[in-house]
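What follows is calculated from the coordinates using simple rules that are stated; it is not laboratory data. Nothing here was measured: the structure is a model prediction, and the numbers come from that model. Please note: Cβ atoms are built from the backbone with ideal geometry, for glycine as well, and neighbour counts cover all protein chains shown.
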Amino acid sequence: MLNSQTCPCDGNTLDRHVQPSILIALAKGPLHGYRLAGQLAELPLGDGRGPDMAGIYRTLQWMEQQGFVTATWDTETHGPAKKTYQITEAGRQCLSRWVKSLDHYRRGLGRLLREARKTLEAD
């Protein structure tokens, strides 16, 4: 029996879209991790589900190493210090490339979906 919790057909394996989602959120302004996760959950691919925080922080660390984001510690607000992330010019250029890649991917998925529907209708 198919387990929709682990089957890729359920769409739960779209983790590769975390990077452009982070760039989109940070292009609107600097955010710390918790607020960023909240914004990612509101994006269309988030589907209202809470994102994987460990995955977000791993991606942010990689993106910082690549120069797509910068991070600073916010010690001015009440409570514990928070790491705040901001998009860089290289991050904006990366987001621009993501737009082109996602548009190309969308067209390919449209063709794939049409073929899948035709196949199912032929059964």
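Taking θ as phi - 60° and the Karplus parameters 6.51, -1.76 and 1.60, the scalar couplings of the range 51-63 work out to x, 6, 4, 4, x, 5, 5, 5, 5, 4, 4, 5, 5 Hz in sequence order, x denoting glycine and proline.
Restricting the GluC sites (Glu not before Pro) of the range 30-102 to loop positions (DSSP other than H, G, I, E, B) with no more than 13 neighbouring Cβ atoms within 10 Å leaves GLU76. In sequence order, the range 23-39 has phi-based couplings of 4, 4, 4, 6, 5, 7, x, x, 9, 8, x, 5, 5, 4, 4, x, 5 Hz under the Karplus curve 6.51 cos²θ - 1.76 cosθ + 1.60, θ = phi - 60°, and Gly or Pro positions carry x. Under a 5 Å amide H cut-off, with hydrogens placed 1.01 Å from N, VAL69 pairs with GLU64, THR88 among residues at least 5 apart or on other chains.
Applied to the range 106-122, the Karplus parametrisation 6.51 cos²θ - 1.76 cosθ + 1.60 on θ = phi - 60° returns per-residue 3J(HN,Hα) values of 4, 5, x, 5, x, 5, 4, 5, 4, 5, 4, 5, 4, 4, 5, 5, 6 Hz, with x for Gly and Pro.
In this rough spin-label picture, where each label sits 7 Å from Cα along the Cβ direction, the VAL99-GLN65 distance is 2.9 nm.
Estimate the FRET efficiency between ARG114 and GLU76 by the formula 1/(1 + (r/R0)^6), using the beta-carbon distance for r and 35 Å for R0, to the nearest 0.05. Don't jump to the answer; show the numbers that get you there.
On the way: r = 53 Å, r/R0 = 1.52.
It comes out at approximately 0.05.
Listed by chain and number, the lysines whose C-alpha is less than 28 Å from the C-alpha of LYS118, apart from same-chain residues fewer than 8 away, are LYS100. Would you list, by chain and number, the lysines whose Cα falls below 24 Å from the Cα of LYS83, excluding same-chain residues fewer than 8 positions away? Cross-link targets: LYS28. Taking amide H atoms as placed 1.01 Å from N in the peptide plane, the amide H of THR84 lies under 5 Å from those of THR72, TRP73, ASP74, each 5 or more residues away in sequence or on another chain. Applying the criteria of a DSSP loop state and at most 16 other Cβ atoms within 10 Å to the trypsin sites (Lys or Arg not before Pro) of the range 15-99 yields LYS28, ARG49.
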